[in-house]
Every structure is written in C-alpha cells, then in structure tokens.
Amino acid sequence: MKPCELENCEEKAVIKRGKDGRAVCKKCFIELFEQDVHDTIVKEKLFTRGDKVAIGASGGKDSTVLAYVVKISDIISF
C-alpha cells in the first residue's frame, strides 16, 4: 500500500478509512478515530465532564472498543 495520506507522516498506509477514503497508517488511524469519537461526543452532547457512564461489555470487538473509548475519555477529559 502507498504512504499514509496525512501531512507530516511518512509511515506506510495499512487501512483505507471508510469515512473519508484516505489511506492511513495504524497510528494515524487511531488518532483520527479518537478525534472522531471526541467530536461526536461534544457535538451531540452525549455526556459532559463529571458524568458517570456505565457500559455493558460482552468481550467482543465492539465492547472492547467502547471500553477503550471510555478509558481515553477519562485521559483526555472530554
């Protein structure tokens, strides 16, 4: 696959994003995903700082990603 399509990144692209069609490396994909989640939470006012959030987890891929997103929201203070 060609190089990552984000500015200032020279890594090899490993995935094409469905959202915008850009080919990106793993690191950039994760950063873009986290930013997309943050933007959605803020735009839709899903929760605010200090809110308690409960999740149901089955252990599958969707639950694992949700648990990760909730954890990073604590780290970067949504």
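Here, each number is a calculation from the coordinates, and none is a lab measurement. What you see is a predicted model, and the numbers here were worked out from it, not measured in a lab. Backbone-built Cβ (ideal geometry, glycine too); neighbour counts: all protein chains shown.
Observations
- The Lys61 and Glu7 beta-carbon pair, evaluated with R₀ = 35 Å, returns a calculated FRET efficiency of approximately 0.70.
- The angle between the Cα long axis of helix 61-76 and the main principal axis of the chain comes to about 80°, on a 0 to 90 degree scale.
- The longest stretch of the chain left intact once loop-based trypsin sites (Lys or Arg not before Pro) with at most 12 other Cβ atoms within 10 Å are removed from consideration, loops following DSSP, is 53-78.
- Cα→Cβ-extended label distance, 7 Å offset, between Thr48 and Lys26, nm: 3.9 nm
- Residues whose amide H falls under 5 Å from that of Ile15, counting only those 5 or more places apart or on a different chain, are Val24, with hydrogens built in the peptide plane.
- Here the contact order of the stretch 15-76, divided by its residue count and restricted to Cα pairs under 8 Å and six or more residues apart, works out to 19 percent.
- Note on the stretch 15-76: Cα Rg divided by 2.2 N^0.38 Å, N the number of residues, gives 1.23.
- Degrees separating the helix 26-44 axis from the principal Cα axis of the chain, which is the longest one: 40 degrees
- For the stretch 2-9, 3J(HN,Hα) per residue [Karplus equation, 6.51 cos²θ - 1.76 cosθ + 1.60, θ = phi - 60°, Hz, x = Gly/Pro]: 6, x, 4, 8, 8, 4, 6, 10
- Between Glu11, Glu44, Glu31, the residue with the greatest mean-square fluctuation in the GNM of the chain (Cα pairs under 10 Å linked by springs) is Glu44.
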